[in-house]
Structure formats: C-alpha cells, structure tokens
Amino acid sequence: MDLQNPNLARVLGMVGQKLGADPQALRKDLEAGKYDEVFRKMNPREAARLQQIVNNPALAQQLLNTPQAQQVLRGILEQADRKK
C-alpha cells in the first residue's frame, strides 16, 4: 500500500466515516503495518477492492472525482458497514 499516495487521506476519510473510525488512527495503523486493523471490519473481497483503489493512484483519482465512482465506493463501504 502506497502511504505516500495523495488520495489516501481522502479514501481514509471516507472509510473512517463509514466505519466510525478516526481517519488519523487508520493512517497510523497503516503506517505501523497494522493493515488488519484497518480492514478487519470488512469482508476479504471488499478489503481487497479498497486496497486496489488505494494502491492505484489513477484509479483512486478517478473514483474520487466522478459521482459514479463515489457511488461505487460508498456501496462497497456500506456493505462493509452492514457486516459489522
């Protein structure tokens, strides 16, 4: 996971909001290598999708900039939220 990706803060903000977690705490977990802490509330398939988004700057930018892509990301995160 590219922790230097400029889109990471925006993605973590959306994830944090949906999971009820502090985005800064999620970032600290990622920086400490605690990926399981970030993705533990998500099923493996959804976590893998989110990781793809974070790892691919072009894809992350596309997803964050278009209403359709934001809707897809919200759907993934809402599914994760329902699995809590």
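The values are calculated or read from the model by the stated rules, or taken from the named source; none is laboratory data. Keep in mind that this is a model prediction, so the values were computed, not measured. Every residue, glycine as well, gets a Cβ built from its backbone with ideal geometry; the counts of neighbours run over all protein chains shown.
Contact annotation: residue pairs with Cβ atoms under 7 Å, 6 or more positions apart or on different chains, pairing a residue in the stretch 57-72 that is within 13 Å of VAL11 (Cα to Cα) and among the small types (Gly, Ala, Ser) with a partner that is modelled with pLDDT of 70 or more and assigned to a helix (DSSP H, G or I), are ALA60/VAL11; ALA60/ILE53; ALA60/VAL54; ALA69/GLN62; ALA69/LEU63. Entry remark, the stretch 45-56: residues being without any contact (Cβ under 8 Å) to a residue 40 or more places away in the chain, surrounded by fewer than 17 Cβ atoms within 10 Å (Cβ to Cβ) and under 12 Å from LEU8 (Cβ atoms) number 1 in total. Cβ-Cβ contacts under 7 Å between residues 6 or more apart (or on different chains), taken from a first residue in the stretch 1-26 that is of a type in the set (Val, Ile, Thr) to a second residue that is modelled with pLDDT under 75 and not in a loop (DSSP other than H, G, I, E, B), are listed as VAL11/VAL54; VAL15/LEU77.
Scoring ALA21 on the criteria (1) surrounded by 15 or more Cβ atoms within 10 Å (Cβ to Cβ); (2) among the small types (Gly, Ala, Ser); (3) part of a helix (DSSP H, G or I) leaves a single failure, condition (3).
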